[in-house]
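Participant: Could you have a look at this structure, given as structure tokens, before my questions?
The values are calculated or read from the model by the stated rules, or taken from the named source; none is laboratory data. Values in this document were obtained by computation on a predicted structure and should not be read as measured data. Every residue, glycine among them, receives a Cβ derived from its backbone with ideal geometry; neighbour counts consider all protein chains shown.
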Amino acid sequence: MFKGLGAQRLLAFFAGGWLLFNFPLLGLWDRDAMLWGIPLFPAALFILWALLIAVLAWQMERPGQTHPDD
């Protein structure tokens, strides 16, 4: 079902994202602080979400990787 290093990396990114957006680690950002005039919690959520998407896009579009559906 999950063959290859690419699938294992995607599962690891999924698990990492799940941990990042779960309570114990997400609670670290719940402070009364501002980042560029935006409360820290929503800013951190957006930045973490954007970084996760960027890393996943980079992983999926790396050159030299063969895809089984090609």
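Participant: Could you grab me the full set of residues in region 44-65 that are over 15 Å from Arg9 (Cβ atoms) and at pLDDT below 85?
Facilitator: Across region 44-65, the qualifying residues are Ala44, Pro63.
Participant: Let me ask something else about it. Which ones in region 27-48 are in contact with a helix residue (DSSP H, G or I) (Cβ under 7 Å, 6 or more places away or on another chain) and either surrounded by 11 or more Cβ atoms within 10 Å (Cβ to Cβ) or touching a residue at least 60 places away in the same chain (Cβ under 8 Å) (or both)?
Facilitator: Trp29, Asp30, Arg31, Ala33, Leu35, Leu40, Phe41, Ala44, Leu48
Participant: Let me ask something additional. Hey, among the residues in region 15-25 that are at pLDDT 80 or above and either of a type in the set (S, T, N, Q) or in contact with a helix residue (DSSP H, G or I) (Cβ under 9 Å, 6 or more places away or on another chain) (or both), which one's farthest from Val55 (Cα to Cα)?
Facilitator: Going through the qualifying residues, I end up with Asn22.
Participant: Taking the residues in region 1-14 that are aromatic (Phe, Trp, Tyr) and at pLDDT 80 or above as candidates, determine which candidate is nearest to Trp58 (Cα to Cα).
Facilitator: Phe13
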